Amino acid sequence: MKVNVEPETRAALKPLSEQEVLATLEPVLGTGEPIRGPRALADDWRRFWHLTYNIARNEFKLRFFGSVLGYVWQLVRPLLLFGVLLFVYSVGRFAGKAPHNAVALLAGIVLFTFFAEATSGSVRSVVDRENLVRKIQFPRLVIPLSVVLLASFNLALNLIVVFIFALADGVRPMVSWLELPLILVILVVYCIGWSMLLSALFVKFRDIQPIWEVITQIVFYASGILIPVALLHERLGSTEFHLLMLNPLAILVEQFHHAMIDHGALSAGQVVGGWWQLLEPAGIVFALFVVGFWVFNRSAPLIAENL
């Protein structure tokens, strides 16, 4: 049976050409523009922090899954490093001139371990979760933040050990302990800035990982953990010492020592010549956080495409 179709209807039913399809979609997608994925942040902050916490908690559980000693292994690395350095430098800084030097060494190692774990773990964090990034819609900033939060869990547990060592060594509670939360918050913000920047850059530049491994070792020796900052002040010129104290980790380690272990030791402000001098490392922490967020937020919608 033959059906008569009007010419106007036949023209409407005619398949569209490729050029006509692109012309139809151009107002929606834009010709040549990549499809943008989820942003770095989300409008629902409750969901954002819920995702961050759960990823960090699951990683923490999986790290010690099936282990007999569990968390004890988390202490092995800083304690072994502490033991080796304490033995090697037993005739130097730790000979007994200043009180509680062994505790100061352990505290410095614990703070640096957190810095190294949070930043080094963030470098590959986005790339290692490629399957998750490609398949699930969620705010991308959750990934590096969960790495820092996981390192914060370990830091909290390690600090308990530091407090136990401190009390056993004769350190008594002081009012200056009230400074410790602020010191730790600044340290966490500093690490978050690095984590956002490194995780975003590594998606395109895979040389970031070996470069950061070298920088991490430099930071360890430039943070006043092994050699007292006061001794460095005596041995270095004013310009070299000024550049050294631009390292926020060195400032935080010194202030942690002053506030928690030995209130008679020089504070960070006294070491650099005045509290106003601390504005420079504080500015570095703030600038790093802003730049890290800007870079990560700018690259977040295109992460899946660039992987």
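The values are calculated or read from the model by the stated rules, or taken from the named source; none is laboratory data. Quantities reported herein were computed from a predicted structural model and do not represent experimental measurements. Cβ: placed from backbone, ideal geometry, glycine included. Neighbour counts: every protein chain shown.
Condition check: modelled with pLDDT of 90 or more and not basic (K, R). Does V214 satisfy that? Criteria met by V214. The residues on offer are L232, L243, L187, and the sole one that is part of a helix (DSSP H, G or I), in contact with a Phe, Trp or Tyr (Cβ under 9 Å, 6 or more places away or on another chain) and free of Cβ contacts under 8 Å to residues at least 24 places away in the same chain is L232.
Across the range 122-178, the number of residues qualifying as of a type in the set (A, V, I, L, M) and over 30 Å from H258 (Cβ atoms) comes to 9. The residues of the range 250-307 that are buried (at least 17 other Cβ atoms within 10 Å of the Cβ), among the aliphatic types (A, V, I, L, M) and not in a helix (DSSP H, G or I), listed by number, are A265, L266.
Quick grid of which residues meet (1) buried (at least 16 other Cβ atoms within 10 Å of the Cβ); (2) out of contact with any Lys or Arg (no Cβ under 9 Å at 6 or more places or on another chain); (3) of a type outside the set (G, A, S); (4) closer than 25 Å to L278 by Cβ:
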position	(1), (2), (3), (4)
S125	yes, yes, no, no
R129	yes, yes, yes, no
I164	no, yes, yes, no
L167	no, yes, yes, no
R172	no, yes, yes, no
I192	yes, yes, yes, yes
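Do we have any residue at all in the range 204-221 that's without any contact (Cβ under 8 Å) to a residue 40 or more places away in the chain, farther than 18 Å from L266 by Cα and buried (at least 18 other Cβ atoms within 10 Å of the Cβ)? Checking the range 204-221: not a single residue is without any contact (Cβ under 8 Å) to a residue 40 or more places away in the chain, farther than 18 Å from L266 by Cα and buried (at least 18 other Cβ atoms within 10 Å of the Cβ). Evaluation of E179 against the conditions (1) surrounded by 17 or more Cβ atoms within 10 Å (Cβ to Cβ); (2) touching a His at 6+ places or on another chain (Cβ under 9 Å) shows that the sole unmet condition is (1). The single residue among T119, T113 that is of a type in the set (S, T, N, Q), more than 23 Å from M260 (Cα to Cα) and either in contact (Cβ under 8 Å) with a residue 12 or more places away in the chain or surrounded by fewer than 20 Cβ atoms within 10 Å (Cβ to Cβ) (or both) turns out to be T119. If you go through the range 78-120 and keep only what is modelled with pLDDT of 70 or more and small (G, A, S), you end up with G83, A102, A104, A107, G108, A116, A118, S120. With respect to (1) free of Cβ contacts under 8 Å to residues at least 40 places away in the same chain; (2) more than 17 Å from the chain's Cα centre (by Cα), the lone exception for A250 is condition (2).
Go through the range 196-241 residue by residue and tally those that are hydroxyl-bearing (S, T, Y) and closer than 15 Å to T119 by Cα.
Within the range 196-241, the subset hydroxyl-bearing (S, T, Y) is 199, 216, 221, 223, 238-239.
Next, only the ones that are closer than 15 Å to T119 by Cα stay: 199, 216.
The number of residues fulfilling the criteria is 2.
For the range 121-140, a residue qualifies if it is in contact with a Leu (Cβ under 7 Å, 6 or more places away or on another chain) and hydrophobic (A, V, I, L, M, F, W, C), and the qualifying residues are V123, V127, V133, F138. A count restricted to the range 121-177 and to residues that are modelled with pLDDT of 85 or more, part of a helix (DSSP H, G or I) and under 16 Å from S299 (Cβ atoms) stands at 9.
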